[in-house]
Each structure stands twice: as structure tokens, then as C-alpha cells.
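Have a look at the structure below before the remarks.
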Amino acid sequence: MAVLLSLNQTAVRVLIDRGVGVQELGVFAATAYLVRLGTIVAQSLGQARAPELRAAAANHDFGAVARQGLVSAGHAALLGVVTAGVMLVVGPAVMVLGFGEAFEPSRALIGAIFAAGIPLFASTSLAMATVGMGERGLYLCAVAISLVSTVVLVSFLVPEWGVVGAAWGWAGGESIKTLLLVGIALRRLRSGQDPSRVGG
């Protein structure tokens with residue numbers, strides 16, 4: 001699972017390197033690094049509800065687990081929106097200060113990469129609740145589908161839009177994963193059942 005979760009961005013970087021070039025890859029990687037730092041905060045939002053998640057899972061109240069996960073995901077998505085807005089304003093200056101003038105991204109690239117951060121933060125926050133609902137198999141499927149979607153989208157978008165297209169492809173793949181995880185949580189919220197009893 002950890003390997004699959006790390007492959008989305010790795011696949012994007014490989015496709016950028018092959019389709020655009022090393023210099024653009026460096027700018028993309030430096031900007032995406034800030035998004036990855038944000039996932040630490042998003043993960044902490046999910047872990048903050050760990051006692052409630054454990055208690056609800058121990059009581060087989062998977063509807064409550066789903067509810068807690070969706071609340072965390074909502075907070076994480078809001079964090080992503082605020083971060084994207086701030087970075088659109090100050091991003092180029094921050095990047096130059098942190099990485100040097102060679103790594104100054106355009107606002108179009110910042111917007112696309114931090115758009116990927118919104119669903120990435122939400123899915124990261126929702127991950128613990130998804131596993132807590134007993135949906136390990138579906139979580140694995142969502143991660144795998146996201147990876148395949150990212151590769152396909154980036155492969156189509158890079159030739160036309162370059163590194164910005166790659167970022168939007170990444171955003172698309174992360175959005176698909178988040179929608180799948182939200183769907184899993186909503187399904188459990190409606191049923192509130194032990195996963196072994198759902199569907200028969």
C-alpha cells in the first residue's frame with residue numbers, strides 16, 4: 001500500500017522527464033514538495049480523531065467511523081483550498097526564496113499542483129477511517145485506480161500542455177481516488193454495518 005501511494009507522484013515525474021525535460025521536472029518537484037508537506041498536516045487531521053475512530057470500530061459502529069472520516073476529509077479539503085489560494089498569491093516569491101530563481105514556477109503551475117493538493121489532503125485524512133471501516137480491499141482498489149488514472153491523464157496532457165498538463169493529470173488522478181473513498185464512506189454511513197454483512 002505504501003508503495004502504491006508513493007507511485008502517483010513518481011509516475012508523474014517519470015512522464016515529465018520523458019516528455020518535457022529535466023529542468024521542468026525540477027520546478028515541478030520543488031513545487032510538489034510543498035504539497036507533500038501539506039499532507040503531513042492532513043494526516044494529522046485524520047489521526048486527531050483516532051480515539052473516536054477506534055471506539056466506534058470496536059463497537060462495529062462503522063457509520064460513526066465513516067462520519068468522523070468525512071468530517072476530517074472536509075477539514076483537510078478546506079485546508080487545501082486555503083493553501084492553494086495563499087500559494088497563488090505568494091507562491092513564486094516563496095519558491096525563489098526557498099529553492100532559488102531556477103525553481104520559480106508560473107502561477108498556472110502552482111494553481112494546477114495545489115489543485116491536486118485539495119483531493120490529496122482529503123484522501124490522506126480519510127485513509128485511516130477507510131481502513132477503520134474494514135474496507136482495506138476497497139482502499140487498495142481506489143489507490144490502484146487512482147494510479148492508473150493519473151498515468152493515463154498525464155500521458156495525454158503532457159504533450160499538449162507540458163508540465164502544467166502533468167499537474168492537472170495528477171490532480172485528476174487524486175480527485176478520482178478521493179471520490180472513490182468518499183463513496184465508500186457514504187455507503188458505510190448509510191448502512192452502518194459490519195463490512196462482512198454488507199451485500200448479504
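The values are calculated or read from the model by the stated rules, or taken from the named source; none is laboratory data. Fair warning: this is a prediction, and the values are worked out from it, not measured in the lab. Here Cβ is always computed from backbone atoms with ideal geometry, including for glycine, and neighbour counts include all displayed protein chains. To get the accessible areas, we keep the full protein, side chains included, count just its heavy atoms, and leave off ligands, DNA and RNA. Shrake-Rupley method; radii C 1.70, N 1.55, O 1.52, S 1.80 Å.
Values for this structure:
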quantity: Number of positions in the stretch 90-111 that are farther than 14 Å from ALA29 by Cβ and either in a helix (DSSP H, G or I) or free of Cβ contacts under 8 Å to residues at least 12 places away in the same chain (or both); calculated: 11
quantity: Residue in the stretch 79-91 that is modelled with pLDDT under 90, open to solvent by less than 70 Å² (accessible area, probe 1.4 Å) and under 14 Å from TYR33 (Cα atoms) present; calculated: yes
quantity: Residue match in the stretch 131-147 (condition: modelled with pLDDT under 90, open to solvent by less than 20 Å² (accessible area, probe 1.4 Å) and touching a helix residue (DSSP H, G or I) at 6+ places or on another chain (Cβ under 9 Å)); calculated: yes
quantity: Yes/no for LEU70 being modelled with pLDDT of 85 or more, surrounded by fewer than 15 Cβ atoms within 10 Å (Cβ to Cβ) and in a helix (DSSP H, G or I); calculated: no
quantity: In the stretch 35-67, the residues that are touching a Phe, Trp or Tyr at 6+ places or on another chain (Cβ under 8 Å) and open to solvent by less than 50 Å² (accessible area, probe 1.4 Å); calculated: VAL35, GLY38, THR39, ALA42, ALA56
quantity: The stretch 166-191 - residue that is in contact (Cβ under 8 Å) with a residue 40 or more places away in the chain and small (Gly, Ala, Ser) and, of those, surrounded by the fewest Cβ atoms within 10 Å (Cβ to Cβ); calculated: SER191
quantity: Index of the failed condition, HIS60 passing every other in (1) within 14 Å of the chain's Cα centre (by Cα); (2) not in a helix (DSSP H, G or I); calculated: (1)
quantity: Test for ARG36: is it among the charged types (D, E, K, R) and touching a residue at least 24 places away in the same chain (Cβ under 8 Å); calculated: yes
quantity: All positions within the stretch 95-129 that are among the hydrophobic types (A, V, I, L, M, F, W, C), more than 22 Å from the chain's Cα centre (by Cα) and either farther than 20 Å from GLN9 by Cβ or open to solvent by less than 10 Å² (accessible area, probe 1.4 Å) (or both); calculated: VAL96, LEU97, ALA102
